[in-house]
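Below you'll find the structure, written out as structure tokens, and then a few comments.
Every number here is computed from the coordinates shown, using simple stated rules; none is lab data. Predicted model only: the values in this text are computed from it and were never measured. Ideal geometry is used to build each Cβ from the backbone, glycine not excepted, and the neighbour counts take in all protein chains shown.
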There are 2 protein chains.
Amino acid sequence: MSWLEQVKWNENGLTPVITQEYKTKQVLTLAWMNKEALQLTAETGHAVYWSRSRKKLWHKGEQSGNQQLIKSIRLDCDNDAILLEVEQKGGIACHTGRHHCFYKQLVNNQWQPTEAILKDPKEIYK
Amino acid sequence: MSWLEQVKWNENGLTPVITQEYKTKQVLTLAWMNKEALQLTAETGHAVYWSRSRKKLWHKGEQSGNQQLIKSIRLDCDNDAILLEVEQKGGIACHTGRHHCFYKQLVNNQWQPTEAILKDPKEIYK
């Protein structure tokens, strides 16, 4: 069985992908891949996801320039989740212009933003 | 809207949860929560997941003793993924007896195990 077939793709042909910054170990994003996205990620050396909202392959950084260069690709014990280590170009992984997507922390039963916006999204996607 | 309602639960009432070790920043597991699991996690201070295979709440460590003590709970930009920072009791997060679940790395088109088994699963779940 090929390495791509060993991944347990879900009923929609997808698997969740955690992307972690190589240098800081910060978790940047949770995104999704299908088989083609994972193959392209391995072949090209930059992260390619499946956009569930746009229903198409999404070469991370294609619009923003904020590519994610692959340092390692890992699979978990159950073969149904992937972990990438990447170098985050431009220092911005989140479409809100923040370094990473997990910027809301639960404090006193409220999700409170804890991270600064580094760049106005209007400037990223123009 | 309550903080629990602000999470976008999927069609099965679940959301993926990344769990990262507070001290080492290592990503330990990808698991799933429903609303009740997230509420219990916040209330009790240890990770409670939803087991998709057993279809029931899963107080992590209930059998193994390897509890995960909560340091922070974060939500992503799209409100559909959660990141926990935890203290991993016993130093073992994976049911295979390894420190973490992402122990298979893609090398030369093969998933190669890269982490030692710290404890025989038969000794963990007896």
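Name every residue in segment A:6-31 that is among the hydrophobic types (A, V, I, L, M, F, W, C) and assigned to a loop (DSSP other than H, G, I, E, B), in order of residue number. Spell out the reasoning first.
Within segment A:6-31, the first condition is being among the hydrophobic types (A, V, I, L, M, F, W, C), and the residues that meet it are A:7, A:9, A:14, A:17-18, A:27-28, A:30-31.
Within segment A:6-31, A:7, A:9, A:14 meet the criteria.
Please verify whether residue A:31 is buried (at least 23 other Cβ atoms within 10 Å of the Cβ), more than 10 Å from chain B (Cβ to nearest Cβ) and not polar (S, T, N, Q), treating the condition exactly as stated.
Working: buried (at least 23 other Cβ atoms within 10 Å of the Cβ): yes; more than 10 Å from chain B (Cβ to nearest Cβ): no; not polar (S, T, N, Q): yes.
Against the criterion (buried (at least 23 other Cβ atoms within 10 Å of the Cβ), more than 10 Å from chain B (Cβ to nearest Cβ) and not polar (S, T, N, Q)), residue A:31 does not qualify.
Pick from segment B:77-126 the residues that are closer than 28 Å to residue A:101 by Cα, of a type in the set (S, T, N, Q) and within 12 Å of chain A (Cβ to nearest Cβ): which of them is surrounded by the most Cβ atoms within 10 Å (Cβ to Cβ)?
Selected residue: B:105.
When the residues of segment B:40-76 are filtered to those that are surrounded by fewer than 18 Cβ atoms within 10 Å (Cβ to Cβ) and closer than 27 Å to residue A:52 by Cα, which remaining residue is farthest from the other protein chains (Cβ to nearest Cβ)?
The residue in question is B:55.
Hey, can you tell me all the residues within segment A:1-18 that are surrounded by 16 or more Cβ atoms within 10 Å (Cβ to Cβ) and more than 10 Å from chain B (Cβ to nearest Cβ)? Before you say what the answer is, go through the steps one by one.
The first filter runs over segment A:1-18 and keeps only residues surrounded by 16 or more Cβ atoms within 10 Å (Cβ to Cβ), leaving A:3, A:7, A:9, A:14-18.
A:9, A:14 - these are the residues of segment A:1-18 that are surrounded by 16 or more Cβ atoms within 10 Å (Cβ to Cβ) and more than 10 Å from chain B (Cβ to nearest Cβ).
Cβ-Cβ under 6 Å, sequence separation 6+ or interchain: first residue in segment B:62-73 and within 16 Å of residue A:107 (Cα to Cα), partner outside any strand (DSSP E or B) and of a type in the set (Ser, Thr, Tyr). Which pairs?
Every condition considered, the pairs that remain are B:71/B:22.
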